[in-house]
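**Student:** Sharing a structure below in structure tokens format, with a few things to ask.
Just so it is clear, none of the values below were taken in a lab; they were calculated from the coordinates. None of the values given here were measured: they were computed from a predicted structure. Positions of Cβ are generated from backbone atoms using ideal geometry, with glycine treated the same way; all protein chains shown enter the neighbour counts.
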Amino acid sequence: MAGLVLKGIGKSFGPVEVLRGIDLDVADGEFVVFVGPSGCGKSTLLRVIAGLEEVTSGTILIDGQDVTTERAAERGLAMVFQSYALYPHMSVYRNIAFALENMRLPPAEIEARVRRAATMLRLTDYLDRKPGALSGGQRQRVAIGRAVVRDPKIFLFDEPLSNLDAELRVATRKELAGLHAEIGGTMIYVTHDQVEAMTLANRIVVLNKGRIEQVGTPLELYNRPANLFVAGFIGSPRMNFIRGQVTPEGRLVTPDGKVTLPLPAGHAPGAEITLGIRPEHVLPAGGEAPDAILTVDLVEKLGSEAYLYGTLADGTALTLRSPLEDPARRGDSLPIRFERQRLHLFDAAGLAIRP
Amino acid sequence: MNRVASLLRQTRRPGRLGWTDILSYAYLALGVVLMFGPVLWLVLSSLKTPAALLEFPPSFLPLTQKTISVPGHAQPLELHRVRLPDGSVKELAQVRRIGIQATMIDPANPAAPAIRVPIEAREPIREVAFAWSNYTEPLKQFAFGRYFANSLVVTIAATIITLLINSMAAYALAIYEFRGKNAALLMVIGTLMIPITIVLVPVFLVVTQLGLNNSLWAVILPGAATPTGVFLLRQYMLTLPRDLIEAARMDKASEWQIYSRIVMPLTLPALAVLAIFSIMWRWNEFLWPLAVLTKSEVYTLQIGLNAFQGELQTQWHYLLAMTVMTLAPVALVFVFLQRFITTGIANTGMK
């Protein structure tokens, strides 16, 4: 088990800068998830940590030691690949034992470790099978077993669940969380699925265009996103954004002037502001004075709840969560209110305005 | 058997023979004749006596004059079907022939007086007979066993060395990262454009300098590294998932272990193809062994066969028989490994 420190990591492929100035501290035993849209550099960052890619600039410290120039094999990390990368010509046992054989452990020790990992991952019955004869979930467990058995300094996961079907993905996600609780290793996990990120992580690192946008616990990111990108990326359905200008009376007016919304006090008149509000914090006005009128375009009933997709008078799209029994239908005009404590405000540069 | 029959009865629409079917079958039949005709001709001819070989017009089956032993005659006599002056046709044995007159007797009644018939009136009775002596005699005199052993040693040793060297080169060019990789690949492929006849003399000089003349190593070593093989294996290795190699790197495998334990087992289909090619190349190789092997104890089969072809006369019957013997092992390799060839070639994208 070990901590990881990244200092000013940059990586370019030819003229293309994939990572720029990444600084990150991962504590020993922490479960950190890298999340971001495709092409944001999260997988490259993981491969840089693994030693499969060389950095263009910056330093990597594992357990306080500079490993920037060390090769993958020398860093003592284990990686679970998106494709699992099981050796197709070897049995499950040999797959798991391969790294241990390369480490030249005594055979008895190898046997014991493989058996232990197999028991933990419920693979004991499949040890003699080839990967081709396993289901997706079993292959996934073999790939994890191959990492676990080595007792690595850090576990690296590269979108390990993306090849599984939805049900299995949820089950495997729970198993991974259980695994982390049980063996307590430092884990770094890359995903584009924010649900995985929210459920698994101690801390989430949101990446965009090769930069870190924000680092924080899942709830920190959810409740206090540092900028527009994080606010839009975390949460599903995504946060509603309404762009506008602060009026002399301290309200927000959309560019075409059709919608005015209340703002907390303290914003300079004329400032460009984006107001963000999550779907669950948009409420039907009920008896109170409505903040805006929503024209419903689409109703999605998910069984436990319903989402209404609609537009405001100026054409801004807005989503709100409502109870299932909500009778709203397409074409209805719905008076809505925003929960005042749940408003997120962003300045013209997209950064959060914190009171 | 049933499957073969149903395969041969396939038509485009079930149960109906359309003109496309007829054309397809005619085309396929032509292909069969073109490909197997010469081989069949060779095999049948190898069983003919020297006389039957030189016969014109040639016969397809190995036919010989039917003979019969008749009491009172030391040698077996040739049997002929004779049209007698009275119009009847009889099978008679020929005692002797002088000019256009033949003296015949009835084998059923040897004591009866001989009949003289003009030779146009008789027609030799021939039967199918296999001249196995074409095979047995050279096997006794001609050192077939020795040549066969030499060919076997050359083929097996050269194939093993070829597979080893080519796969290592392919690994370096496909998976290992180093500066100048593409330049190295270009040079390897570039050598494809140099025909053996051009390098024959320089390579001969090198081999002579090394003192390898008249040793089997002179045949084995120079051709061991084939650009074709390197290219074929490299292309196949490029199709191996990169993740596997990286997973092995993460698993602390050295380059050698990645090569021997991950890449080699996964490259087996391509290795099988190259092995088959190499076996065929080496077994059939003629020009280079002819240049470096001058003592008969190191002859390979192909060079040995050449010995039947003298400056003044060629012993066709032996040559053909031994050619069949030479072809057989490669043909067997092909029969048993053709499954690998087709899948392997399909996978390597080679045509």
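**Student:** If the only charges are +1 at each Lys and Arg Cβ and -1 at each Asp and Glu Cβ, what is the size of the charge dipole of the protein assembly as shown around the Cα centre, to the nearest 20 debye?
**Tutor:** So the dipole magnitude of the protein assembly as shown works out to roughly 2000 debye.
**Student:** Additional query: Tell me the relative contact order for the range B:166-235 as a rounded percent, counting alpha carbon contacts under 8 Å between residues six or more apart.
**Tutor:** 63 percent
**Student:** Would you pull out the residues with amide H under 5 Å of A:V282's amide H, same chain only if 5 or more places away, H placed 1.01 Å from N?
**Tutor:** Hits under the 5 Å cutoff: A:R321.
**Student:** Work out Dmax and Rg for the range B:1-137 from the C-alpha atoms and quote the Rg first, both in angstrom.
**Tutor:** 23.2, 69
**Student:** Which pairs in the list A:K209/A:K258; A:K42/A:K153; A:K11/B:K181; A:K209/B:K181 are over 28 Å apart, alpha-carbon to alpha-carbon?
**Tutor:** Pairs exceeding 28 Å: A:K209/A:K258; A:K209/B:K181.
**Student:** Could you rank the peptides B:279-292, A:231-244 by their average count of other C-beta atoms within 10 Å per residue, with the highest value first?
**Tutor:** A:231-244, B:279-292
**Student:** Averaged over A:83-89, how many beta carbons belonging to a partner chain fall within 10 Å of each residue's beta carbon?
**Tutor:** Numbers: counts 5, 4, 10, 3, 8, 6, 6.
The per-residue average across the peptide is 6.
**Student:** Still on this model: Across the range A:4-233, what fraction of all alpha-carbon pairs, as a whole percent, falls in each successive 10 Å bin from zero upward?
**Tutor:** Per 10 Å bin, starting at zero, the Cα-Cα P(r) for the range A:4-233 comes out as 8, 32, 35, 20, 5, 0 percent.
**Student:** For peptide A:76-82, what's the mean number of Cβ atoms from other chains within 10 Å of each residue's Cβ?
**Tutor:** Mean shielding count: 3.
**Student:** log₁₀ I(q)/I(0) of chain B at q = 0.11, 0.12 Å⁻¹, via Debye over equal Cα point scatterers, no solvent, to two decimals?
**Tutor:** Rounded to two decimals, the profile gives -0.97, -1.05.
**Student:** Compute the signed sum of charges (Lys and Arg +1, Asp and Glu -1) over the other residues within less than 10 Å, Cβ to Cβ, of A:Q245.
**Tutor:** Charge balance in the 10 Å sphere: +1.
**Student:** Going by a ≥ b ≥ c, the root eigenvalues of the Cα gyration tensor, does the range A:146-253 fall in the rounded group (a/c under 1.5), the prolate group (a/b larger than b/c) or the oblate group?
**Tutor:** Judged from the Cα gyration tensor, the range A:146-253 comes out prolate (a/c at least 1.5, a/b above b/c).
**Student:** Fewest first, what order do B:Y176, A:Y84, A:Y93 take by the number of other Cβ atoms within 10 Å?
**Tutor:** Lowest count first: B:Y176, A:Y93, A:Y84.
**Student:** Simple spin-label model, 7 Å along Cα-to-Cβ: B:L238 to A:L105 in nm?
**Tutor:** 3.8 nm
**Student:** Let me ask something additional. Give me a single rounded figure for A:147-159: the average over its residues of other chain Cβ atoms within 10 Å of their Cβ.
**Tutor:** Rounded to a whole number, the mean comes out at 1.
**Student:** Which one, B:T326, B:W283, B:A158, is farthest towards the positive end of the dipole of the range B:142-348 when Lys and Arg carry +1 and Asp and Glu -1 on their Cβ?
**Tutor:** B:A158
**Student:** The range A:238-272 to the range A:168-218: how many Å between their Cα centroids?
**Tutor:** Cα centroid to Cα centroid, the span is 35 Å.
**Student:** Under unit Cβ charges (Lys, Arg +1; Asp, Glu -1), what dipole magnitude, rounded to 20 debye, does chain B have relative to its Cα centre?
**Tutor:** 700 debye
**Student:** Report the one residue of A:I49, A:G136, A:I234 whose Cα lies farthest in the direction of the positive end of the charge dipole of chain A (charges on C-beta: Lys and Arg +1, Asp and Glu -1; origin at the Cα centre).
**Tutor:** A:G136
**Student:** Additional query: Give the order of B:L17, A:L156, A:L302 when sorted by the count of other beta carbons within 10 angstrom, beginning with the fewest.
**Tutor:** A:L302, B:L17, A:L156
**Student:** Return the calculated 222 nm mean residue ellipticity for chain B, to the nearest 500 deg cm²/dmol, obtained by summing -39500 (n - 2.57) across DSSP H runs with n ≥ 4 and dividing by the residue count.
**Tutor:** -17500 deg cm²/dmol
**Student:** Here's another thing I want to ask about it. Using alpha-carbon pairs under 8 Å, 6+ residues apart, how would you state the relative contact order of chain B in percent?
**Tutor:** Numbers: 389 pairs, mean separation 63.9, N = 351.
Normalised by residue count, the contact order of chain B is 18 percent.
**Student:** In whole angstrom, note down how far apart the Cα centers of the range A:32-67 and the range B:90-156 are.
**Tutor:** 86 Å
**Student:** So which residue, out of B:P227, B:P195, B:P138, gets the largest mean-square fluctuation from a GNM of chain B using Cα contacts under 10 Å as springs?
**Tutor:** It is B:P195.
**Student:** Now for a separate question. About the Cα centre, and with charges only on the beta carbon of Lys, Arg (+1) and Asp, Glu (-1), how big is the dipole of the range B:51-193? Nearest 20 debye, please. Kindly include the intermediate steps, with their values, before the conclusion.
**Tutor:** Values: 13 positive and 10 negative charges, 46 e Å.
It works out to roughly 220 debye.
**Student:** Picking from A:L221, A:L45, A:L179, which is most flexible by a Gaussian network model of chain A using Cα springs under 10 Å?
**Tutor:** For chain A, modelled as a Gaussian network with Cα springs under 10 Å, the answer is A:L179.
**Student:** Over the Cα atoms of the protein assembly as shown, how large are the radius of gyration and the largest Cα-Cα distance (Dmax), in Å?
**Tutor:** 42.2, 149
**Student:** Considering only DSSP beta bridges whose two residues both sit in the range A:4-233, what percent are antiparallel, to the nearest 5?
**Tutor:** Approximately 55 percent, going by the DSSP bridge assignments.
**Student:** Next question, about the same structure. Taking only Cα atoms and a 10 Å spring cutoff, compute GNM fluctuations for chain A and point out the largest among A:L46, A:L312, A:L324.
**Tutor:** A:L324
**Student:** Any idea what % of Cα-Cα pairs in the range A:113-201 are farther than 21 Å?
**Tutor:** 27 percent
**Student:** Got the relative contact order for chain A handy, in percent, Cα pairs under 8 Å and 6 or more residues apart? Please report the intermediate quantities before stating the final value.
**Tutor:** Working: 735 pairs, mean separation 54.7, N = 355.
Here the relative contact order equals 15 percent.
**Student:** Which of rounded, prolate or oblate describes the range B:2-45 when judged by the alpha-carbon gyration tensor and an a/c cut-off of 1.5?
**Tutor:** On the way: a/c = 5.18, a/b = 2.02, b/c = 2.56.
Judged from the Cα gyration tensor, the range B:2-45 comes out oblate (a/c at least 1.5, b/c at or above a/b).
**Student:** Of B:T103, B:P124, B:S260, which is farthest towards the positive pole of the protein assembly as shown's charge dipole, taken about the Cα centre with +1 and -1 on the beta-carbons of Lys, Arg and Asp, Glu respectively?
**Tutor:** Farthest towards the positive end: B:T103.
**Student:** Taking 0.36 nm per intervening residue step and subtracting the Cα-Cα distance, what contour gain separates B:A5 from B:Q313 on full extension? Kindly include the intermediate steps, with their values, before the conclusion.
**Tutor:** Numbers: separation 308, 0.36 × 308 = 110.88 nm, distance 4.68 nm.
My answer for the length gained is 106.2 nm.
**Student:** Roughly speaking, what is the centre-to-centre gap between the range B:57-82 and the range A:100-147 when only Cα atoms are used, to the nearest Å?
**Tutor:** 77 Å
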